[in-house]
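Right, one structure below, let's go through it.
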Amino acid sequence: MQSRTQQTYVGIHNDLHGGMTPIGGIIKDAWVFELIPETETCEGWATAQIQVLHDKVNAAWDQYGLRVSNLPPEIRERHTRIHDQAIEKARSMGWVPGRDSDAEME
């Protein structure tokens with residue numbers, strides 16, 4: 001069994017409901033802020049790499065007061081596109097908002 005520090009991420013497209021998880025949210029927001037290309041799924045990334053990305057995403061959001069309405073139009077449009085596509089895909093996979101945990105863990 002791998003220790004927590006050795007675990008790697010499965011990638012947003014292999015994650016629960018296409019990435020409707022906390023890590024998936026980090027990746028989608030990293031795409032929004034162009035911290036990583038939209039082709040980057042983060043598959044195989046170590047926990048430490050995800051944490052660094054999380055910190056960068058938080059710093060980007062801090063510039064806009066953590067509010068979508070404060071984003072410049074270009075970034076707001078990218079946010080809407082990325083998150084709307086993710087929601088549509090997740091719903092097609094059986095995702096129900098508010099129930100984004102693994103059913104086996106309940």
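Any read-out appearing in this document is the output of simple, stated calculations on the displayed coordinates, not a laboratory observation. All values derive from a computational prediction rather than experimental measurement. Positions of Cβ are backbone-derived with ideal geometry, glycine not excepted, and every protein chain shown enters the neighbour counts.
Which FRET efficiency value, to the nearest 0.05, is calculated for K56 and R91 with the Förster distance at 25 angstrom and r the Cβ-Cβ distance? Using R0 = 25 Å, I get an efficiency of 0.30. Cβ crowding within 10 Å, taken as a proxy for footprinting-reagent exposure, orders R76, R99 from fewest neighbours to most as R99, R76. Applying 1/(1 + (r/R0)^6) with R0 = 25 Å to the Cβ-Cβ distance of D84 and A48 gives a FRET efficiency near 0.20.
Taking a temperature of 37 °C and a viscosity of 0.692 mPa s, what whole-number D in µm²/s does Stokes-Einstein yield for the chain with Rh from Kirkwood over alpha carbon pairs? Rounded, D is 225 µm²/s.
Ranked by how many other Cβ atoms sit within 10 Å of their own Cβ, fewest first, the residues M93, M20 fall in the order M93, M20. A full extension of the chain between L66 and Q7 corresponds to an added length of 18.3 nm, given 0.36 nm per residue minus the alpha carbon distance.
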